[in-house]
Structure formats: structure tokens, C-alpha cells
Amino acid sequence: MEISENKSTRKRLPKFYIYFMYFLIFAFLGWLLETFYTLYELGHFTKRGFLYGPICPIYGFGALILILYFTKYRGKSLKLFFYSAIVFSIFEYVVSYFLDALFAQKWWDYTNEFFNLNGRISIFYSFVWGISAIIFINHLYPFFKKKINILISKIPYKIQFYILNIFMLVFLCDVCASFFTHIPLH
């Protein structure tokens with residue numbers, strides 16, 4: 001991903017910043033998805049996620065896992081479906097377990113879902129993760145990658161760098177504040 005500071009020199013953001021940018025974008029889109037889903041289901045706004053800000057990190061990390069390890073399955077929908085359904089079911093179970101252990105709180109509960117495992121994962125959502133991976137790898141990620149490349153090619157490198165550092169600082173403050181608010185103190 002090339003970013004130009006002016007017409008004669010081109011600088012590239014370090015990969016870490018590019019991945020952080022994708023993390024934020026897809027964590028925000030995940031928050032929107034969760035928010036609109038619960039708005040539809042419950043009929044009113046419900047704060048979604050662990051953080052104060054409008055992002056759900058599990059979606060950002062999920063997007064990074066797909067980008068880093070599953071793009072090689074683009075166009076291979078059957079493999080992509082099964083591998084991602086398995087990997088993301090394990091990922092969801094582990095995240096649920098650690099959030100529960102750390103905060104003594106369930107952030108989601110599939111106990112009433114058909115064929116669930118300890119209420120942490122269910123066959124339905126495993127299927128959803130497989131379908132979502134196909135949509136993400138074959139359509140969403142290529143679309144966003146193209147649009148982001150166009151957008152950041154118009155923004156000077158230093159501005160990109162400063163903006164991403166500000167977002168990183170805000171994100172880290174949100175994580176710390178959320179962590180200390182949610183952790184049980186006994």
C-alpha cells in the first residue's frame with residue numbers, strides 16, 4: 001500500500017499501522033452490526049461490547065485473522081467455509097471463556113441455541129462464521145482495501161501517521177478505562 005507525501009517521494013505506512021487501521025474499521029462495523037441487530041431484536045438501543053467507544057474488538061481481531069491467514073482461500077469457498085467455521089468457533093469459545101474468567105460476566109450466551117457448547121458457541125453461529133468469511137474474503141475486504149488505498153493515497157504520510165497514533169492512544173485509553181470499570185474488585 002503506497003502512500004505519497006508529495007509527487008516526488010512515496011512513503012509507506014508500516015504494516016502494523018495498516019493492520020491497526022483495518023482492525024478499527026472492522027471493529028466499528030462489527031459494533032454497528034451488533035447495535036442494529038439488537039435494535040431490531042429488542043426495539044431499543046443497547047450498548048454493545050466491552051469498550052466505551054463504538055467498536056467490538058472481537059470483529060476487528062476476526063477481520064485480522066481473515067486478512068492474515070485466510071485470503072489465500074479467496075475463490076475457494078468450501079475450504080474457506082469449513083476452515084473459518086472451525087477456527088472462529090474456537091476463537092469465539094476461547095474469547096468467551098477468558099472474558100467470563102476475567103470479568104465474571106457472560107458477554108454472550110447461546111445456551112438456548114440448538115447444539116451449543118456451554119452456551120459459548122453454537123452450530124448456528126459456526127455456520128454464520130463460515131458464510132461471513134466467504135462474504136468477507138471474496139467481497140468486503142477487497143472492496144474496503146481498494147477504497148482505503150484510494151483514500152490514503154490522497155492523504156500525506158505524516159497526517160496518516162499522526163491520525164493513526166491518535167486513534168491508537170484513544171483506543172488504548174478506552175481499553176484501560178473499560179478494563180478497570182468491568183473487572184470485579186473482590
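The values are calculated or read from the model by the stated rules, or taken from the named source; none is laboratory data. Predicted model only: the values in this text are computed from it and were never measured. Counting neighbours? That spans all protein chains shown, and the Cβs are built from the backbone with ideal geometry, glycine included. Just the protein is used for accessible areas: all its heavy atoms, side chains included, with ligands, DNA and RNA removed. Shrake-Rupley method; radii C 1.70, N 1.55, O 1.52, S 1.80 Å.
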Note down all Cβ pairs under 8 Å where the first residue falls in the stretch 157-175 and is among the hydroxyl-bearing types (Ser, Thr, Tyr), the second is at pLDDT below 95 and open to solvent by less than 60 Å² (accessible area, probe 1.4 Å), and they're at least six residues apart or on different chains. 157/3; 157/4; 157/13
Does residue 53 fit the bill of being touching a helix residue (DSSP H, G or I) at 6+ places or on another chain (Cβ under 6 Å), among the small types (Gly, Ala, Ser) and either more than 19 Å from residue 126 (Cα to Cα) or not in a helix (DSSP H, G or I) (or both)? yes
Inside the stretch 38-64, the number of residues satisfying the requirement of being open to solvent by less than 40 Å² (accessible area, probe 1.4 Å), of a type in the set (Val, Ile, Thr) and touching a residue at least 12 places away in the same chain (Cβ under 8 Å) is 1
Criterion first (open to solvent by 50 Å² or more (accessible area, probe 1.4 Å) and of a type in the set (Gly, Ala, Ser)) does residue 85 satisfy it? no
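Here is a yes/no grid of residues against (1) over 20 Å from residue 61 (Cα atoms); (2) β-branched (Val, Ile, Thr); (3) surrounded by 13 or more Cβ atoms within 10 Å (Cβ to Cβ); (4) touching a Cys at 6+ places or on another chain (Cβ under 9 Å):
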{"position": "114", "(1), (2), (3), (4)": "yes, no, no, no"}
{"position": "119", "(1), (2), (3), (4)": "yes, no, yes, no"}
{"position": "128", "(1), (2), (3), (4)": "no, yes, yes, no"}
{"position": "157", "(1), (2), (3), (4)": "yes, no, yes, no"}
{"position": "161", "(1), (2), (3), (4)": "yes, no, yes, no"}
{"position": "167", "(1), (2), (3), (4)": "no, no, yes, no"}
{"position": "172", "(1), (2), (3), (4)": "no, no, no, no"}
{"position": "180", "(1), (2), (3), (4)": "yes, no, no, no"}
Is the stretch 105-113 home to any residue that is assigned to a helix (DSSP H, G or I), in contact (Cβ under 8 Å) with a residue 24 or more places away in the chain and either of a type in the set (Phe, Trp, Tyr) or under 30 Å from residue 18 (Cα atoms) (or both)? no
Taking the stretch 65-82 on its own, how many of its residues are open to solvent by less than 100 Å² (accessible area, probe 1.4 Å) and assigned to a loop (DSSP other than H, G, I, E, B)? 1
Could you tell me whether residue 145 is on the phi < 0 side of the Ramachandran plot, more than 18 Å from the chain's Cα centre (by Cα), part of a helix (DSSP H, G or I) and among the basic types (Lys, Arg)? no
